[in-house]
1. Looking for whichever is modelled with pLDDT of 85 or more and open to solvent by less than 60 Å² (accessible area, probe 1.4 Å) here; the options are A473, A431, A449. Which one fits?
2. Given the conditions (1) in a helix (DSSP H, G or I); (2) open to solvent by 50 Å² or more (accessible area, probe 1.4 Å), report the number of the one that V543 does not fulfil.
3. Quick one: count up the residues across region 582-598 that are open to solvent by 20 Å² or more (accessible area, probe 1.4 Å) and in contact (Cβ under 8 Å) with a residue 24 or more places away in the chain.
4. Right, R185: under 20 Å from A104 (Cβ atoms) and open to solvent by 40 Å² or more (accessible area, probe 1.4 Å) or not?
5. Could we say that I108 is under 30 Å from D161 (Cβ atoms) and open to solvent by 30 Å² or more (accessible area, probe 1.4 Å) here?
6. Filter region 111-140 for residues that are among the small types (G, A, S), over 19 Å from the mean Cα position of the chain (by Cα) and surrounded by 17 or more Cβ atoms within 10 Å (Cβ to Cβ); which is farthest from Y179 (Cα to Cα)?
7. Applying the selection to region 264-279, what residues are in a helix (DSSP H, G or I) and open to solvent by 30 Å² or more (accessible area, probe 1.4 Å)?
Amino acid sequence: MVILCHAAWRRHVSVRCWRLLLVLLATLVPLAAAHAQANLRADSLTILKFKQQLKSLDLPDTARLRILREIALAYYDPKPEAGLPYAKEAVAVARRVGNGALEARMLIAVCTMAHNIGDEATAIHHARQLMKLGLRLPESDRWTAGEGYRMLGGVEAKQGDYAAARRYYGQAADWALRYPSPRNRVPGASEAWAAMILLDHYYTQLEGGDRADSVLQGVERYGRQAVGYYQRNPDQQLYALAHVYQTLGAAMAARGRLDSAVTYYERAILRQQKIEETASEAATRVMLARVRLQQGQAAEALRQAQRVVALHAETGEPNHEAYVVLADALAATGRHAEAYRLSRRANAVADSIALATEATEVAKHRARLETYAQQSRIRDLTQQRLLQQEQARRQQQRIWALAAVLAAVVLGLGTAVVLYRRLRAQRALLATQNVELATQRDALTQARATQDRLYALIAHDLRSPVVAFTGLADLLNRYVTRNDTERLAGLGGRIRQAAQNLSELLDNLLNWAVSQRGELTPQPRPIRATELLTEIAALYQNVALAADISLTTDIVDPTLFVHADPDMTRTILRNLAGNALKATPNGGSVSLRAERDARGGVRLQIRDSGAGLSESALEQLNQATPQLRVAGRDSGAGLGLLLSRSFAEVQGGSLVLGAAPAGGTDATLTLPLAA
């Protein structure tokens, strides 16, 4: 009797304890839900503030991009369907401002949220965009392309195509090893992340019901690889380590190794509590409760199930599976009445979820109907606007008809004014053309006079070498007839000198003709003044020695460089040096000098000790259009001087003839100084 009373008392106490527990749950759950709702309202106010800022018309793209990113991340976990449009708009703004790195990160958010709400088409489309963009980014941000491969692997696994998923996950793992993300650039982190990617592949198969040994072995292999790294770095990736432990627990449970599964689940729960991952912790505790039921530990399973219900109460989202596990645990402990009530509660939660889903579909259908109604209204308004535009167009045509009459009158007056102005302009143009024609006629007359003088000069200059060759031919015949070998041998130098004079004259004629046609364009470059004078002195040294003339060079500054065309400058110096040697008697001297000009140029001076020129002759030769021949000077003042002056001016320099202090002539060539 005592024993029966004691048993009855225990049942009474047990029932009272259970009722007390239900009362506590009924009290705490609303409080936790109210707290969660308060946090949700705070987050909603923040999001609302961001949305109000987006309505500003003068908001710069950089600020708009930052606000869109904050809103998308705020909706990332709790309401991905609400955050998806903001993430898509953030992608468009980042693309517009050229921020490729942020565009890639927002593409990752779009893919994840679309995948979570079951919009696989959007997830696939943006994952492919992410892969293409990641290939164009700098190497530091190229890891984002690997996330595109991982997203495609998740989509294929969700659709049951595990072969395609394995291919994408493998590419994502290879990409993670080649281009690790910023958080995976420490030693060993990229290998751990690659193992995590392959672990996801096998875990998706395990969740899909595939219990093959290859799947379980894959989970264990890559899970232990990841654990090996994350256990050495526990503070770096607590979320990753918790996920690995949860995955390994599922694999152990599938193999029937329940004790190992419990160990891994408990480790996962500890990490999830540290990072406050409430939803993940609840899911892990559900799996742990099922394992405890399989072990026959109903009390422990009941404790875990009650904790799951409390966690879901904190988030404000009821979970059907949590109530099912709690009911199973109660049934295992013999509390069938409570289990029955919780089963009904689970069915009610399932029904509420189904009703919520149905309400969502109804809301979508209603939104489509409202959109259609708005489109119909827009079409009606468009038709009205078109009618109004047609009436306005007809009125405008009448106004234009009246305006056309007035315009015709104004146009007639305007035409008369324009014709009068054109007549005056034509008269002014005709007068200007007459002036230009007279100017061209004068220029043509002057050109013909210059041409006549040039022909006379050419005839004169060609006559001297020809006469010299004629005299040399007569001397050659005379010396051959007399067999005068000594004098005959001396004719070679005179013949060579005459041929050289003729060659120089022909070169001058050719250069002059080319310069007059405009085909000779200077190609200036820096030239050392020392090299120019030394080259000219070496060229005429033998001629000077034959005539007993002293040919010297004087370089004041050996570092002087002129900015000039080498060929044109050598032609000028050859003409001046040749003229100086011709004008210098035997026993005289010719000096070549280079010095800096006071105006910033370089002066190349050739001075001879000949008879010199009179003031009138120098004045004629220094004119802008000099006389082609100076009286009393048969050589050295003809075409060569004209050509040299033309070459000097086209290079931005000048050529001036003057009297030497001790008699003779100074020929001064001034050229620009090389920078």
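1. Of the residues listed, the single one that is modelled with pLDDT of 85 or more and open to solvent by less than 60 Å² (accessible area, probe 1.4 Å) is A431.
2. Unmet condition: (2).
3. Total meeting the criteria: 11.
4. Yes; evaluated as a whole, the condition is true for this residue.
5. The answer is no for I108.
6. Looking at the filtered set, the residue picked out is A114.
7. Across region 264-279, the qualifying residues are Y264, E266, R267, L270, R271, Q273, K274, T278, A279.
Residue by residue, here is whether (1) in a loop (DSSP other than H, G, I, E, B); (2) touching a Cys at 6+ places or on another chain (Cβ under 6 Å); (3) surrounded by fewer than 23 Cβ atoms within 10 Å (Cβ to Cβ) holds:
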position: G148; (1), (2), (3): no, no, no
position: A157; (1), (2), (3): no, no, no
position: G160; (1), (2), (3): yes, no, yes
position: R166; (1), (2), (3): no, no, yes
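The values are calculated or read from the model by the stated rules, or taken from the named source; none is laboratory data. In this text the structure is predicted, and so the values were computed from the model without any measurement. Note: ideal-geometry Cβ built from the backbone for every residue, glycine included; neighbour counts use all protein chains shown. These area figures cover heavy atoms from the full protein model, side chains too; ligands, DNA and RNA do not enter into them. Shrake-Rupley method; radii C 1.70, N 1.55, O 1.52, S 1.80 Å.
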